[in-house]
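Below is one structure, written out as structure tokens; the observations come after it.
The values are calculated or read from the model by the stated rules, or taken from the named source; none is laboratory data. This is a predicted model, so every value here is computed, not measured. Positions of Cβ are generated from backbone atoms using ideal geometry, with glycine treated the same way; all protein chains shown enter the neighbour counts.
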Amino acid sequence: MSEKFGNENCLVNVELRILGFGCRCGFAQSQEAYDRSVNELFCTLDKLEDHLANSRYLCGDQLTLVDVCLFTTLIRFDLAYNVLFKCTKKKLSEYANLHAYMRDIYQVHALSKHFTFWLCKLDFNISSC
């Protein structure tokens with residue numbers, strides 16, 4: 001793995017987490033700010049989708065911390081960010097490679113023991129009240 005490639009993916013992960021969490025999308029103060037943030041978010045998702053068409057993980061064939069960090073954002077995307085933060089341009093489940101990547105990490109690497117879908121949805125719904 002080249003250092004440049006690794007740094008780019010770390011930056012993409014941070015960008016996705018910030019935008020997806022709603023700091024810029026869900027809490028935008030104007031329609032223009034919302035539109036710009038949503039477009040940036042989905043541009044980032046599109047880049048990740050394209051990259052994962054040719055790579056099992058972000059940095060090649062080995063699971064890294066970057067993958068686990070991205071997983072924690074992706075697993076919540078359709079449950080929370082899509083609905084609560086109005087990131088509704090497209091669902092994660094509509095991205096074939098990203099969705100498969102998320103399922104792979106969830107199943108193969110046993111992260112499912114530490115994640116409960118209904119609790120995540122409940123937590124986001126309660127905190128948005």
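Take the residues of the stretch 73-108 that are out of contact with any helix residue (DSSP H, G or I) (no Cβ under 7 Å at 6 or more places or on another chain) and among the acidic types (Asp, Glu): which is farthest from residue 27 (Cα to Cα)? Break it down stepwise before answering.
Within the stretch 73-108, the subset out of contact with any helix residue (DSSP H, G or I) (no Cβ under 7 Å at 6 or more places or on another chain) is 82-83, 85-86, 94, 96, 100, 103-104, 107-108.
Retained after the next criterion (residues that are among the acidic types (Asp, Glu)): 94, 104.
Numbers: 94: 24, 104: 31 Å.
Applying the filter and picking the extreme gives 104.
Looking only at residues that are within 25 Å of residue 39 (Cα to Cα) and of a type in the set (Phe, Trp, Tyr) in the stretch 69-118, which one is modelled with the lowest pLDDT?
81
Can you work out which of the residues in the stretch 38-72 that are touching a Ser or Thr at 6+ places or on another chain (Cβ under 9 Å) and crowded, with 18+ Cβ neighbours inside 10 Å is nearest to residue 24 (Cα to Cα)? Before you say what the answer is, go through the steps one by one.
If we filter the stretch 38-72 for residues that are touching a Ser or Thr at 6+ places or on another chain (Cβ under 9 Å), which is where we start, we get 38, 57-58, 61.
Within this subset, residues satisfying the condition of being crowded, with 18+ Cβ neighbours inside 10 Å are 38, 57-58.
Numbers: 38: 8, 57: 27, 58: 24 Å.
Selected residue: 38.
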